[in-house]
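Notes follow the structure.
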Amino acid sequence: MKLAIEMFSMIIAITIGCILFASIISSNNQVCDARDFYNVVVNRIEDSNCNNEVINQCVGEAKEKGYDLKVEDLTIYNEQPSKFVKLEYCVMIPVFELFGEKFNKQGVIEGYAR
């Protein structure tokens, strides 16, 4: 009987550990996806030489993915356009959703496209 209780408690501990690790991996993947999207946006803006049509397309794509993208013009010289790019994203931690609570954390990535 003692062996059955020990095995059952070990299985429960392993299951809880797997759920926690899967939740951490999922939230980390959300952050990586946001960073990858930010890098793509900055590269597209730089490659288009800060074209407003490209910026509007990127803002639209960000809204579709659930991000908030803001691009501000910081150009001093017309020959060298510069934009401030700010991406706000939300990270959901799935383990809290199992217990009925929604825990969201806001993240921000800022940088420049030149």
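Worth pointing out:
- For residue 59, net neighbour charge (Lys/Arg +1, Asp/Glu -1) across residues whose Cβ lies under 14 Å away: -1
- Heavy atoms of residue 73: accessible area, 1.4 Å probe, square angstrom to 10: 100 Å²
- Residue among 25, 11, 50 farthest towards the positive dipole end of the chain, charges placed on Cβ: 11
- Here, the range 1-88 is characterised by an Rg to Rh ratio of 1.40, where Rg is the alpha-carbon radius of gyration and Rh the Kirkwood radius.
- Dipole magnitude (debye, nearest 20) for the chain, charges at Cβ of Lys, Arg, Asp, Glu: 380 debye
- Averaged per residue, the chain has 73 square angstrom of accessible surface, using a 1.4 angstrom probe with ligands and nucleic acids left out.
- Ignoring lysines fewer than eight residues from residue 102 along the same chain, the ones with Cα atoms less than 24 angstrom from its Cα are 63, 65.
- Peptides 23-35, 83-95, ordered by how many other C-beta atoms sit within 10 Å of their residues on average, highest first, read 83-95, 23-35.
- Helical contribution to [θ] at 222 nm, DSSP H n ≥ 4, -39,500 (n - 2.57), averaged over the chain, rounded to 500: -19500 deg cm²/dmol
- For the range 62-114: Kirkwood Rh in Å [reciprocal of mean 1/r, alpha carbons]: 13.2 Å
The values are calculated or read from the model by the stated rules, or taken from the named source; none is laboratory data. Predicted, not measured: the structure shown is a model, and the values here were computed from it. A quick note on method: Cβ atoms are made from the backbone with ideal geometry, for glycine too, and the neighbour counts reach across all protein chains shown. When the accessible area is computed, the model is the full protein with side chains, heavy atoms only, and any ligands, DNA or RNA have been set aside. Shrake-Rupley method; radii C 1.70, N 1.55, O 1.52, S 1.80 Å.
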